[in-house]
């Protein structure tokens, strides 16, 4: 109880959560299959409060789990026994807008979409646009290196987060990367290390992001196909021609069915796949590029092509795509979302293997994904009320990751490794690779107190043997070096 009062003295009583009923909110993130109740949740509002909370947790020997909006899908914000969750959702200030240098400084709890909303009257926007952009936060985007539909042309969070203020595991406040208008920072690319590190290196309390001028024109094309084979062929043809659309999204028949049921967008149901593509830039260029892309889509075997009549119709089309994950709830009581990357040329072949895996397990799999960069998001549908189906869904999800690896891909594109995919990271990287990653982690957090039990495969997480966590040798040496 004394420890709880100490946290309350740092962040205030209203920002300290201890009641079991309220702690349940923080037992998991978007991966609801794993749940652990934290000992306490604190909700700081300043960098200084984060640093003080970290120092107190360290003095009490408590593990520390940073958390944003909790929308992650890999268990990256999953608590561990006896931990303090440091929630950043109340750090919501936009600190500075620098149009001359096209930079913006924000706290980590700022909602992704709110940046573009704030900038819209000024003619600017923030490019990374995860499907959850109306609720996910910039801090979480940095942790997972989040992407989105329009990252095909503009890049992921790592290309747009150029600077940060972090609190280390010692409670020190450190700045990384560019802090104002400099094009790059000297020395090591520490922002490149931080972005996507899933909270293992430090707690982000401020982020400097690039902002872009809104394009002069945007042309949207919606096309349907007999199957995902033809749709995949269209994507490959477009990219091979040298066209780089702002976005190319693919949805299979099952995903289209869910989207139409949830959003009432006017899409046909008697097709095998659909593409939704944006081309943007200077008006003259956009018209020429859209015409060339349309010709390639038609040559690939499209059934129909549409362009929205106005911004309202265009917005509805993109609403359908961005609502796809939630929409699947209309056609299945439960679903398990996976996230892997493959070479673009192999999309059709991998989708056929995914269908096979689903059929063998007696489960349906809906596919809606970033086709332009081969970032798959298969959704394995199941009914948790039927004994064994949830385990089957998890098994299919794991086998899908193995298929991605077989084709030379990765176990994650933008959802992170977290707790969910830690075991599969050992199948993608060698022991030497993982040891090197652990050395980087230990350079930032030699004690291993920040977000433990994430990302790295361990016997305890991977089920090789029961019992307590077995520390990696590099972790042990790191602790010895700082003890």
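Just so it is clear, none of the values below were taken in a lab; they were calculated from the coordinates. Just so it is clear, the structure is predicted and the values come from calculations on it, not from any experiment. Neighbour counts are summed over all protein chains in view; Cβ atoms, including those assigned to glycine, are modelled from backbone coordinates with ideal geometry.
Taking the C-alpha atoms only, the angle from helix 47-60 to the longest principal axis of the chain is near 60 degrees. Taking Cα atoms only, the orientation of helix 473-482 departs from the longest principal axis of the chain by about 40 degrees. By other beta-carbon atoms within 10 Å, ranking 325, 7, 156 with the fewest at the front produces 325, 156, 7. Between the C-alpha center of the stretch 258-287 and that of the stretch 331-389 there is a gap of 21 Å. For the chain, the mean residue ellipticity at 222 nm estimated from helices alone is -10500 deg cm²/dmol, where every DSSP H run of n ≥ 4 contributes -39500 (n - 2.57) and the total is divided by all residues, rounded to the nearest 500. Note that the stretch 158-198 carries a Kirkwood radius of 10.8 Å, evaluated over its alpha carbons pair by pair.
Would you mind ranking 169, 180 by Cβ crowding within 10 Å, fewest neighbours first?
Ascending Cβ contact count within 10 Å gives the list 180, 169.
Modelled label positions at residue 385 and residue 316, each set 7 Å beyond Cα in the direction of Cβ, lie 3.3 nm from each other.
When volume of the Cα convex hull per residue in Å³ is calculated directly from the model, which label among (i) 167; (ii) 227; (iii) 155 fits? Here the calculated entry is (iii). With a simple spin-label model that places each label point 7 Å from the Cα along the Cα-to-Cβ direction, the separation between residue 460 and residue 330 comes to 4.3 nm.
Each of 125, 26 was scored by other Cβ atoms within 10 Å of its Cβ. Arranged with the fewest first, they read 125, 26. Rounded to the nearest 10 degrees, the inclination of helix 311-322 to the longest alpha-carbon principal axis of the chain is 60 degrees. Placing a label point 7 Å from the Cα of residue 306 along the Cα-to-Cβ direction, the residues of the stretch 256-292 whose backbone N falls under 15 Å from that point are 256-277.
When you restrict to C-alpha pairs under 8 Å that are six or more residues apart and normalise by the size of the chain, the relative contact order lands at 14 percent. Maximal additional length on extending the residue 89-residue 19 stretch stands at 23.3 nm, based on 0.36 nm per residue less the C-alpha distance.
Using 0.36 nm per residue and subtracting the Cα-Cα separation, the extra length available between residue 168 and residue 27 on full extension is 48.4 nm. Annotation: extensible slack from residue 405 through residue 244 equals 55.4 nm (criterion: 0.36 nm per residue apart, minus Cα-Cα distance).
With both labels modelled 7 Å from their Cα along Cα-to-Cβ, the residue 360 to residue 214 distance reads 5.0 nm.
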